[in-house]
Amino acid sequence: MAVPARRREAGSNGLPALRGRQRGFSLVEMIVVVAIIMLLAAILLPVLEAAVGKAESTSCLSNLQHLGMAARLYCDDYDERIVPARLPAGGPTTICWDVTIQPYLHNRLILVCPSDEAPRRLAGAQCELHSYGINLELAEVGGYLGCALRLLDLDDPAGCVLFCELNGQRFATHGVSYDVDGLQRVAVRRHGNGANYAFADGHTKWLLPERTEQPDNFWHP
């Protein structure tokens, strides 16, 4: 007569009880896993940061494209006159170009670059929070309010900067006068080694700072 096989011991839930305890991770294995995770993070984070930076630069370039289009519409309505950097508003205050141009933008967010950590307003003026400044050689000629050139006054609108990125961490301003400050007020390396610019003809471009000065100076009318 065959001897019946011994039944497995059952646990309290009726399932076979596990023989022995499950083996956990050893300290060495944990260290290896953590090291692998850290290695992957070190490899992937710079790639992710570069992708985010590229996306922000593209968004900024799009903002400047809209500013250039709005400035062009203003010119069409005002006998080819470039939007003035500031207009008198009565009393001590003035109206900045970013307020004057709003009817052609309808979006204040376009005035702020996503990479700009310190957008500013010009004190003592009706002014929007902005990351961009206008070329005062074109829009505030001689430092006079409301004194802006006409597009026809420019020798080469495609070779003349109209809007640039401002160094808001150091300066609260509405524009840049190259003859006075050079590139001090420009955020020349906000996107990698360069920054974005909008030209008087409406096109936009990423440029190294030195390229705006040499071989051609893009700041002079």
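Every number in this text was worked out from the coordinates using simple rules, so none of it is lab data. All values derive from a computational prediction rather than experimental measurement. No Cβ is skipped: glycine too gets one built from the backbone with ideal geometry, and neighbour counts run over all protein chains shown.
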Could you pull out every residue, at least 5 positions away or on a different chain, whose amide H is within less than 5 Å of the one on L162? Hs are placed 1.01 Å off N in the peptide plane, and Pro or chain starts have none. A198, F199, A200
Across the stretch 57-72, in residue order, what do the Karplus-derived ³J(HN,Hα) couplings come to in whole Hz, using 6.51 cos²θ - 1.76 cosθ + 1.60 with θ = phi - 60° and x for Gly and Pro? 5, 5, 5, 4, 4, 5, 4, 5, 4, 5, 4, x, 5, 5, 5, 5
5 angstrom amide H check on S177, placed H, neighbours 5+ away: L136
Restrict the search to the stretch 94-172; then list the GluC sites (Glu not before Pro) that DSSP places in a loop and that have at most 14 other Cβ atoms within 10 Å of their Cβ. E117
Using θ = phi - 60° and the Karplus form 6.51 cos²θ - 1.76 cosθ + 1.60, what ³J(HN,Hα) does each residue of the stretch 208-221 get, whole Hz, x for Gly and Pro? 5, x, 5, 6, 7, 10, 9, x, 10, 8, 7, 9, 9, x
Residue by residue, what Karplus-based ³J(HN,Hα) values in Hz, rounded to whole numbers, does the stretch 182-189 have, using 6.51, -1.76 and 1.60 with θ = phi - 60° and x for Gly and Pro? x, 9, 4, 8, 9, 7, 6, 10
